[in-house]
């Protein structure tokens, strides 16, 4: 199966990423860019997940898409922002029925000091792959390479799954 993970600049955060206006999406400050990305995910992949901000859910969530919560226990407070943004939604459509119990929430510390805002950890990506019902032979595409952390985490997951399968 063909799976994808997308971690685009969150709605309203385009400037943080230097206004990288990739075609065909355009400016990530526009809801239309996220709509085009969701259309692409739905028509191209058997299963997919997309990170978003909690404040954008009302604008981008669509019917048939599940929402999982990544809870960050050490979220930093920002001046004049209450309550603290301590969780991020992950929109997802699984590729197959999940054989194991998989929670629709994860409590995990974000990766820090990578030099790239929003880098994801191996733990986070392993959880996302569980949400998708990923199997070792699936093609998994990281649509927004950023720091490369998601792609590296996918490789670690694939290797650990192979090691686990070898001893089971």
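The values are calculated or read from the model by the stated rules, or taken from the named source; none is laboratory data. Note that the structure is a prediction, hence the values are computed from the model and not measured. Here the Cβ positions follow ideal geometry from the backbone for every residue, glycine too, while neighbour counts run over all protein chains shown.
Taking every residue in region 55-70 that is at positive phi and touching a residue at least 12 places away in the same chain (Cβ under 8 Å) and pairing it with any residue that is part of a helix (DSSP H, G or I) and surrounded by 14 or more Cβ atoms within 10 Å (Cβ to Cβ), at least 6 positions away or on another chain, yields no pair with a Cβ-Cβ distance below 8 Å.
Name the single residue, out of those in region 87-101 being surrounded by 15 or more Cβ atoms within 10 Å (Cβ to Cβ) and assigned to a loop (DSSP other than H, G, I, E, B), that is nearest to the chain's Cα centre (by Cα). Here the answer is 94.
Within region 148-160, the set of residues being out of contact with any helix residue (DSSP H, G or I) (no Cβ under 9 Å at 6 or more places or on another chain) and either modelled with pLDDT under 75 or outside any helix (DSSP H, G or I) (or both) comprises 148 only. Hey, can you tell me all the residues within region 102-115 that are part of a loop (DSSP other than H, G, I, E, B), out of contact with any helix residue (DSSP H, G or I) (no Cβ under 7 Å at 6 or more places or on another chain) and farther than 20 Å from residue 10 by Cα? Once the filter is applied, which keeps residues that are part of a loop (DSSP other than H, G, I, E, B), out of contact with any helix residue (DSSP H, G or I) (no Cβ under 7 Å at 6 or more places or on another chain) and farther than 20 Å from residue 10 by Cα, region 102-115 yields 103, 104.
Among the conditions (1) within 19 Å of residue 3 (Cα to Cα); (2) surrounded by fewer than 15 Cβ atoms within 10 Å (Cβ to Cβ), residue 122 misses just one, which is (2). Checking 79, 24, 83 one by one, the residue that is without any contact (Cβ under 8 Å) to a residue 40 or more places away in the chain and in contact with a helix residue (DSSP H, G or I) (Cβ under 7 Å, 6 or more places away or on another chain) is 24 and no other. Selection over region 46-70 of residues that are more than 13 Å from the chain's Cα centre (by Cα) and more than 21 Å from residue 14 (Cα to Cα) gives a count of 5.
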